[in-house]
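J.: Before we start, here is the structure in question, set down as structure tokens.
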Amino acid sequence: MEKELMSLQVKPSRGLEGRVAVPGDKSISHRAAILGALGEGITRIDGFLESEDCLATLRCLSLLGVPIHRLSPGCYTIVGQGSKGFQEPMDVLDCGNSGTTMRLLAGALSMQPIFSILTGDASLRNRPMARIIEPLRSMGGQIYSRKNNTRAPLAIIGNQNLEGKTHVLPIASAQVKSAILLAGLGARGATVVREPARSRNHTEVMLQQLGVPVKVDGLSVTIEGGTIPRGGHIIIPGDISSAAYLLVAGAILPDSDLTITNVGVNPTRAGIISVLQKMGADLSIKPEEGDGEKRATIRVRSSHLKGTEIGGEIIPTLIDELPVIAVAAAYAQGMTRVKDAAELRVKECDRIAVVAKELAKLGVDIEAQADGWIIQGGQHLRGGVVSGHNDHRVVMALAILGLGSSEPLQITGAQCLEVSFPGFAGTFQQLGAEMEETAKDPESME
Ligand code: S3P
């Protein structure tokens, strides 16, 4: 079904104030549902992100015969089927816009005694899949796909006799690492994944929480096949990738003072905190109690930001925050250089090209590089109409730029906000920002 086209109207705002919680973490929500389904017994999840991406994961699991009950908003129980107990789906599994759904499920489906097809929207069908197909095939997975096994849809014939292997990844990717580890759960012997830099480790943390031993040695992770996760209670923290928009808004808008509670601050995700601190942001971080993933309350106040260099192993810890970090850089004094982030070109869209194009329209001095940007901050920024390119993180980053600019801004393609941050505009309104979603999209031919 076609989604209603929306646009986001943003007016210059200042003095944002208040205390909010952001919706649940997207990466952890996917993993809770999938590991719950692969486990034995019942897993209860609190704080599940009810966004389009995570709901796509639940729909696919339901089609695979996994009983899922919604007890209240964000609170679910999943009845585990064990690592080889999925039923053959009657239809294709539609992952929508969600790379995490497709890549993690491909790992989980490689070992199930069934035939399945994973597909998604036009953006997802254009994203690289050889990075999971090749390692899963090397373990005995039978996966076939379009464009010489590089693009979805993926057709998977499960093999109950996968073999554990050692995989040396050319890029740091938590989706690839997790797909391999999930297949490793049902494989014979040890599965090892070695990354060039540390990517988010939510799969490892949750496997351990659910009783599966995981050995982490520097950049290598090892799992022994044959252990089934046991059911458990998973409490999902707020998504730092969503909190990022509030952190940047609070720092760049004059007279602002925001407190964000229950933010997941797992060090493999929290790179934006150290980058903003290096840029001079006034942040205070108070750790919160709890098991599993680390969480904190973060307060941000108006700050005078300065440019910085961002590259190397911090990149995987803030990869999804780079569009809004580019906005922070536009409001900072001096130059910011982002490098080693070529992965941005294969996200929901080519984020290096698109961010450079749309920010430049608004007066930002930004140059796209092969692996990042050079941004000269402190220019006078205009309003106007820009495109969010149907990419949720681009729309939200542009919205933050609009709050700080001198003229109103309209962002088309805002319906994709539901992918990761339902209630984005409402959250900002609650804090005093002028931001509104409207149904009429003037570029409805986009
Ligand atoms: C994710 C990993 C990252 C990230 C994505 C979510 C995950 O992708 O960009 O939004 O949940 O594992 P890569 O694994 O491709 O780096």
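J.: Which one is surrounded by the most Cβ atoms within 10 Å (Cβ to Cβ) among residues in the stretch 432-446 that are at pLDDT 85 or above and over 24 Å from the mean Cα position of the chain (by Cα)?
T.: 433
J.: Could you please find all residues in the stretch 320-340 being of a type outside the set (Asp, Glu) and surrounded by fewer than 22 Cβ atoms within 10 Å (Cβ to Cβ)?
T.: Answer for the stretch 320-340, where residues must be of a type outside the set (Asp, Glu) and surrounded by fewer than 22 Cβ atoms within 10 Å (Cβ to Cβ): 333, 334, 335, 337, 339.
J.: Does the stretch 21-38 hold any residues that are more than 15 Å from the ligand (Cβ to nearest atom) and in contact with a strand residue (DSSP E or B) (Cβ under 6 Å, 6 or more places away or on another chain), and which are they?
T.: 21, 22, 36, 37
J.: Turning to a different aspect of this structure: Please give the helices (runs of 4 or more DSSP H) falling wholly within the stretch 215-333 in which 3 or more residues are over 26 Å from residue 196 (Cα atoms).
T.: On the way: elements: 240-252, 271-278, 322-330.
Because the criterion is at least 3 residues that are over 26 Å from residue 196 (Cα atoms), the helices (runs of 4 or more DSSP H) in the stretch 215-333 that meet it are 240-252, 322-330.
J.: Further, regarding this structure: Examine the stretch 358-370 for a residue that is of a type in the set (Lys, Arg) and surrounded by fewer than 23 Cβ atoms within 10 Å (Cβ to Cβ), and state whether such a residue exists.
T.: Checking the stretch 358-370: at least one residue is of a type in the set (Lys, Arg) and surrounded by fewer than 23 Cβ atoms within 10 Å (Cβ to Cβ).
J.: Looking only at the stretch 116-131, how many residues end up being out of contact with any strand residue (DSSP E or B) (no Cβ under 7 Å at 6 or more places or on another chain) and part of a loop (DSSP other than H, G, I, E, B)?
T.: Taking the stretch 116-131 as the starting set, the residues that turn out to be out of contact with any strand residue (DSSP E or B) (no Cβ under 7 Å at 6 or more places or on another chain) are 121-123, 127-128, 130-131.
Imposing the further condition that a residue be part of a loop (DSSP other than H, G, I, E, B) reduces the set to 121, 127-128.
Of the residues in the stretch 116-131, 3 are out of contact with any strand residue (DSSP E or B) (no Cβ under 7 Å at 6 or more places or on another chain) and part of a loop (DSSP other than H, G, I, E, B).
J.: Still on this structure, please answer the following. Sort out which residues of the stretch 148-183 are within 16 Å of the ligand (Cβ to nearest atom) and touching a residue at least 60 places away in the same chain (Cβ under 8 Å), and write them in order of number.
T.: 171, 172, 173, 174, 175, 176, 178, 179, 180, 181, 182, 183
J.: Okay, moving on. Given (1) touching a residue at least 60 places away in the same chain (Cβ under 8 Å); (2) under 30 Å from residue 394 (Cβ atoms), identify the lone condition not met by residue 54.
T.: So the condition that residue 54 fails would be (1).
J.: Condition first: outside any helix (DSSP H, G or I) and open to solvent by less than 40 Å² (accessible area, probe 1.4 Å). Now tell me which residues in the stretch 132-149 satisfy that.
T.: 139, 140, 141, 143, 145
J.: Regarding the stretch 2-23, can at least one residue be identified that is charged (D, E, K, R), closer than 22 Å to residue 270 by Cβ and in the same structural domain as residue 431 (by TED's automatic domain parsing)?
T.: Kept after step one, since they are charged (D, E, K, R), are these residues of the stretch 2-23: 2-4, 11, 14, 17, 19.
With closer than 22 Å to residue 270 by Cβ added as a condition, the list becomes 19.
Add one more test, that the residue is in the same structural domain as residue 431 (by TED's automatic domain parsing), and what stays is 19.
Scanning the stretch 2-23, I find at least one residue that is charged (D, E, K, R), closer than 22 Å to residue 270 by Cβ and in the same structural domain as residue 431 (by TED's automatic domain parsing), so the answer is yes.
J.: Please work out if residue 221 is surrounded by 19 or more Cβ atoms within 10 Å (Cβ to Cβ) and more than 21 Å from residue 423 (Cα to Cα).
T.: Working: surrounded by 19 or more Cβ atoms within 10 Å (Cβ to Cβ): yes; more than 21 Å from residue 423 (Cα to Cα): yes.
Spelling it out, residue 221 is indeed surrounded by 19 or more Cβ atoms within 10 Å (Cβ to Cβ) and more than 21 Å from residue 423 (Cα to Cα).
J.: Condition first: under 17 Å from residue 271 (Cβ atoms), basic (Lys, Arg) and touching a helix residue (DSSP H, G or I) at 6+ places or on another chain (Cβ under 6 Å). Now tell me which residues in the stretch 325-382 satisfy that.
T.: Hit for the stretch 325-382 is 351, nothing else.
J.: In the stretch 184-212, which residue that is within 12 Å of the ligand (Cβ to nearest atom), buried (at least 24 other Cβ atoms within 10 Å of the Cβ) and of a type in the set (S, T, N, Q) is nearest to residue 290 (Cα to Cα)?
T.: Top of the filtered list is 203.
The values are calculated or read from the model by the stated rules, or taken from the named source; none is laboratory data. None of these values were measured; they are calculated from a predicted model. Heads up, the Cβs are rebuilt from the backbone with ideal geometry, glycines too, and the neighbour counts pull from every protein chain shown. Remember, those area values only see protein heavy atoms, side chains included, never the ligands or the DNA or RNA. Shrake-Rupley method; radii C 1.70, N 1.55, O 1.52, S 1.80 Å.
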